[in-house]
Amino acid sequence: QVQLVESGGGLVQAGGSLRLSCAASGRTFSSYNMGWFRQVPGKEREFVARVSRSGGSTGHADSVKGRFTISRDNAKNTVYLQMNSLKPEDTAVYYCAASVNFYSDIVRQYTYWGQGTQVTVSS
């Protein structure tokens, strides 16, 4: 089992940047593929980015490609989401998630989830 704690959210103006962090504890962090998802009230949780166990493979949703970058540091048990050129439509609660078996953009294929961190982008 792994516990995930996100941090780094906040209020930022459009065009600004934030870096989200997700610290993991418990079972060996490098055993997990990691993902970032986001959710706004009344909508389904949506995929943002994923990174493989070693960090050698990454994927990003089309809506954030070129602006957001996922990375991980297995020595620090942490996954990051660098968010640049933020837009008001990026406003959401951002969640990190862990999956042992899947390198995926599908919510249900992730087993462990953090509590989320709010990102608000003002226009």
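The values are calculated or read from the model by the stated rules, or taken from the named source; none is laboratory data. Everything quoted here is computed from the prediction, not taken from an experiment. Cβ atoms come from the backbone with ideal geometry, glycine included; neighbour counts cover every protein chain shown. Heavy atoms of the whole protein, side chains included, go into the accessibility calculation; ligands, DNA and RNA do not. Shrake-Rupley method; radii C 1.70, N 1.55, O 1.52, S 1.80 Å.
Descriptive notes on the structure:
- Summed over the stretch 114-123, residues that are under 15 Å from W36 (Cβ atoms), surrounded by fewer than 18 Cβ atoms within 10 Å (Cβ to Cβ) and out of contact with any Gly (no Cβ under 9 Å at 6 or more places or on another chain) total 1.
- Looking at G59, G66, just one residue is more than 17 Å from S7 (Cβ to Cβ) and open to solvent by 50 Å² or more (accessible area, probe 1.4 Å), and that residue is G66.
- Whenever a residue of the stretch 79-98 is closer than 17 Å to R50 by Cβ, its partners that are at pLDDT below 95, lying with C-beta atoms within less than 8 angstrom and at least six residues away or across chains, give the pairs A98/V2.
- Per-region count, the stretch 69-98, residues in contact with a Cys (Cβ under 6 Å, 6 or more places away or on another chain) and among the small types (G, A, S): 0
- Boolean, E6 is over 15 Å from the mean Cα position of the chain (by Cα) and at negative phi: no
- The set of residues in the stretch 45-56 being open to solvent by 40 Å² or more (accessible area, probe 1.4 Å) and either within 14 Å of the chain's Cα centre (by Cα) or closer than 17 Å to T117 by Cβ (or both) consists of R45, E46, R50.
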